[in-house]
């Protein structure tokens, strides 16, 4: 399908991301959104990204605007650099999807664009864009990676992870060097693992069984307290405890929110429901899936109460900070885009401070467990037809979910989320920007959540495959 905006950013096949297409979207963004007179440009490590970035830079300069070439840099580090200078930013990345696809993420000086901004960009496409009387300036970014790391060392302190052995699953993450530097700056011993120059599409919500086996093996072989990684552009964390178990992103989010003293959480409907049972939080706001919807909810909450301690996070682990928070060693400023380092550092630092293992810290939380995965290469029209059928045909819905018992409630905020009288949850949702169909399950034990996931993925494969 042609490139389009999805849950976060514009994505499509590299073959469809032509020079004219990239130029049109870049110029439409500059025409529709504030930019502060300059645009920072960064990219991930997939093979097509540097070339696409040069097209973006040329489009910025042709509009008479300064382009700042940041190079290969994590998305949150790019956003931090741009927002700190009151500038816009464009990140060239396909995030966690395969290397035959790529895309753009757009940032205005306040942070990630909203769905309203997307609408404005789309309304300006297709123009015969004029060339400015003179090209905008071109310069290189300065110390953006170092400033990103300093954000966390200044907040948590240089001894926050002292004595801990942290593995870094480097693969092709654009943050692979930064992760090691950050862990060492926080006092940990960093052990680099499995670097590759071939792009690997790591999805932190759907880690394949072979990778899970390797993660557990590395934890045992290297006597690790934890192992960390990210997706391709490093706005989603992956954290593995010392026993080799992946800590889900929405659990990292809940722990990070608690450590920062947040009181209002904005999170998608698919996130773990443990937070509704935790006394730490005053208000939970559920949204559609995608960081623009989380950001919109955060901005609305802050408009209603500017001093509110608001955060947002997604089940993929990306964490958004909406207030000036206090850490053990200093304050940390808001950052309204998905970040990977904060939800990595905060739980690790909390465990060490409490004298616990990470697995022990997680075990102390309410017993709600999630499991998620996806089916790939599913035509979007087939996915939409299934959701429509299950949403409108009572008999079809009852038949599809009959093995799980009586249905207590159905939520159609985003896809189809079914809660059963047992308290278990199954959530079905087609991807917004890839030919994928996702399934999220929740239960009172990890084994049961994964059993549900396997059962419903099998049903979906039968219906959609």
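Some points to look at:
- Residue match in the stretch 142-155 (condition: closer than 29 Å to residue 29 by Cα and more than 24 Å from the chain's Cα centre (by Cα)): yes
- Residue check, residue 374 surrounded by 14 or more Cβ atoms within 10 Å (Cβ to Cβ), outside the structural domain of residue 226 (by TED's automatic domain parsing) and modelled with pLDDT of 95 or more: no
- Flag for residue 421 being over 26 Å from residue 209 (Cβ atoms) and either modelled with pLDDT of 95 or more or out of contact with any helix residue (DSSP H, G or I) (no Cβ under 8 Å at 6 or more places or on another chain) (or both): yes
- Boolean, residue 381 is at pLDDT 95 or above, loosely packed, with under 13 Cβ neighbours inside 10 Å and over 27 Å from residue 204 (Cβ atoms): no
- Candidates in the stretch 428-442 are the residues that are in a loop (DSSP other than H, G, I, E, B) and surrounded by fewer than 23 Cβ atoms within 10 Å (Cβ to Cβ); of these, the one that is farthest from the chain's Cα centre (by Cα) is 435.
- Selection status of residue 114, closer than 27 Å to residue 292 by Cα, surrounded by fewer than 21 Cβ atoms within 10 Å (Cβ to Cβ) and without any contact (Cβ under 8 Å) to a residue 12 or more places away in the chain: no
- A residue that is under 24 Å from residue 369 (Cα atoms), in a strand (DSSP E or B) and not assigned by TED's automatic domain parsing to the domain that holds residue 250 occurs somewhere in the stretch 443-450.
- Search result, residues across the stretch 177-188 that are outside any loop (DSSP other than H, G, I, E, B) and either buried (at least 18 other Cβ atoms within 10 Å of the Cβ) or over 20 Å from the mean Cα position of the chain (by Cα) (or both): 178, 179, 180, 181, 182, 183, 184, 185
- Qualifying positions in the stretch 294-341 - crowded, with 24+ Cβ neighbours inside 10 Å, in contact (Cβ under 8 Å) with a residue 60 or more places away in the chain and part of a helix (DSSP H, G or I): 295
- Qualifying residue in the stretch 342-359 (condition: in contact with a helix residue (DSSP H, G or I) (Cβ under 6 Å, 6 or more places away or on another chain), in a helix (DSSP H, G or I), within 24 Å of residue 206 (Cβ to Cβ) and at pLDDT below 95): no
- Test: residue 125 is assigned to a strand (DSSP E or B), outside the structural domain of residue 232 (by TED's automatic domain parsing) and touching a residue at least 12 places away in the same chain (Cβ under 8 Å): no
- Those strands (runs of 3 or more DSSP E) of the stretch 1-112 in which at least 3 residues are modelled with pLDDT under 95, considering only elements entirely within it, cover 10-13.
- Evaluation of residue 142 against the conditions (1) touching a residue at least 24 places away in the same chain (Cβ under 8 Å); (2) within 22 Å of residue 108 (Cα to Cα) shows that the sole unmet condition is (1).
- Scanning the stretch 258-288 for residues that are under 18 Å from residue 369 (Cα atoms) and either in the same structural domain as residue 415 (by TED's automatic domain parsing) or crowded, with 24+ Cβ neighbours inside 10 Å (or both) yields 267, 268, 270, 271.
The values are calculated or read from the model by the stated rules, or taken from the named source; none is laboratory data. Just so we're clear, the structure is a prediction, and the values are computed from it rather than from any experiment. Counting neighbours? That spans all protein chains shown, and the Cβs are built from the backbone with ideal geometry, glycine included.
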